[in-house]
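First comes the structure, then the notes that go with it.
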Amino acid sequence: MTPTEDHPLNQLNPLNLGEVDALAEIIMVMQRRFLSSLMGELARGKVSFPQFFLLGHLCSQGPSGMSCIASLMDHSMPAATGLVQRLEKLGYVKRSKDKDDQRKVLVQTTPKGIRLVEGVRTEMATNLAKVMDLLEPAEQRSWLNIYRKIHAYCESNHR
């Protein structure tokens, strides 16, 4: 469906406050729906959302030191250590000494941890595919491009 010259999409006015508020509500509903499914998956693996967040980070970024984990999670070192210990007891991560600095501990995911993250990612992709089926191909591409911009913004502001 191609917009005509008088189509609302061709009016390039920024969203007003009411529209931004409506978008926030839409995002909150989407998050609740996706997080509900995610929490069910995580409950089966006995993993909290913060633990899963850390597992996802370790899967995508590779082994990390405890100070990096504490910073990422906005935890104290003792709290980060407790988080890692719980994941280690469940068999999702393992700790090892850094080859270059034996005083430093590195944390990395185990195959079991990788399977959990990949399983949740697959479930999320399945849910997103259902949402994409509701959209025209051009809308799907637009959504992907918008989320890439949001992702880039989040990544640049995390550091």
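Taken together, the values in this text are just the output of simple stated rules run on the coordinates, not laboratory data. Quick caveat: nothing in here was measured; it's all calculated off a predicted structure. Using ideal geometry, Cβ is built from the backbone for each residue, glycine included, and neighbour counts are taken over all protein chains shown.
As for segment 108-122, it holds at least one residue that is assigned to a strand (DSSP E or B) and surrounded by 12 or more Cβ atoms within 10 Å (Cβ to Cβ). The condition of being without any contact (Cβ under 8 Å) to a residue 24 or more places away in the chain, surrounded by 10 or more Cβ atoms within 10 Å (Cβ to Cβ), part of a helix (DSSP H, G or I) and at negative phi holds for only one of Arg95, Arg86, Arg148, that being Arg148.
Filtered by the rule that a residue be surrounded by fewer than 12 Cβ atoms within 10 Å (Cβ to Cβ) and not acidic (Asp, Glu), segment 51-74 gives Ser60, Gln61, Gly62. Counting the residues of segment 27-49 that are assigned to a helix (DSSP H, G or I), of a type outside the set (A, V, I, L, M, F, W, C) and farther than 18 Å from Thr126 by Cα gives 1.
Given (1) closer than 25 Å to Phe34 by Cα; (2) touching a helix residue (DSSP H, G or I) at 6+ places or on another chain (Cβ under 9 Å), where does Lys130 come up short, assuming only one miss? Condition (2) is where Lys130 drops out.
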